[in-house]
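Read through the structure below, which is laid out as structure tokens, and then see the notes.
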Amino acid sequence: MSAYHSKGKSGRGTKEERPKGTRISSEVALSLEAIRQRAKEGLLALCVGVGLNTLELLFERELEEKIGEKGKHKPGRKASRHGHETRPVVLGGREVRVSRPRARTVDGKEVVLESYTDGLLVVIDGSKALRRAVADVLGNDVPVQRCQVHKMRNVLDHLPEEQRPWVKRKLAAAWAEPDANMARKALEALADSLEKNYPGAAASLREGLEETITINRLMLTGALRRTIRSTNPIESAIEIARTTARRVKRWRNGNQVLRWALAGLQEAERRFRRVAGYRELPLLRMHLKGEVLHTTTSEAANA
């Protein structure tokens, strides 16, 4: 009866009044509507949708803190917005795409969003150009693991054949140390022992030494550690791409090269298998997002 008497002359119910102080912003209203739509698709879709909305909101808030609000003049602004890009993230056990705002400094460098790069580990060989590109695009705080296979090869190339076996054993033993400080001391001691007779090998070992023990600082063990200690996974994909295009003898232009490279990488993707040590990925992610890397590095500097 109360519902009947609440109707006006037009036969329609009166509009429910929302208590004062509970006004919902248009931003939140849109998010709630997106949540309602995804709830119809199931619990997993709902969780993924909420996660995506939250990520995009975090990106926007962080960018506002770094360079100021969009559309508002800020004296002395050191960076400006540079559109959006779609990037992959893993939510709900699957890869989905998220829209990430971009910004560049006045000298053209990318503004790094920590809310996106947290949890990222870059594994590269000893190329200085690659290392510089990582710093330019992702910033200087992104942890980098230098390929231990490449580093060992570079050091051994400076030694005569008869000296290589014992140095190889020393390198392998140092990198196998679970404690990063012990690994660092072993490598520095090896470099010191090589300095007098083989200064080239000593210099090669010292160059980028700290980045060869990033996985030690992250306290990785087992199969996952063996997987990301080198660039072998990506090199396997490149080798498949090279094999796919091996019969092409005449390259007409750059577009043809790109098409064949893409075809080769798609063939490599078809052969991808589960990462060895994948069960340890949550532990890696936790250490990357936590203070483990920064704390151990500072402790080493103060030792």
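Some notes on this structure:
- Pick from segment 39-70, criterion farther than 17 Å from VAL111 by Cβ and of a type outside the set (A, V, I, L, M, F, W, C), ranking: modelled with the lowest pLDDT: LYS40
- Those residues of segment 167-207 which are hydrophobic (A, V, I, L, M, F, W, C) and touching a residue at least 60 places away in the same chain (Cβ under 8 Å), in sequence order: ALA180
- Residue match in segment 132-149 (condition: in the same structural domain as THR221 (by TED's automatic domain parsing) and part of a helix (DSSP H, G or I)): yes
The values are calculated or read from the model by the stated rules, or taken from the named source; none is laboratory data. These figures come from a predicted structure and were not determined experimentally. Every residue, glycine among them, receives a Cβ derived from its backbone with ideal geometry; neighbour counts consider all protein chains shown.
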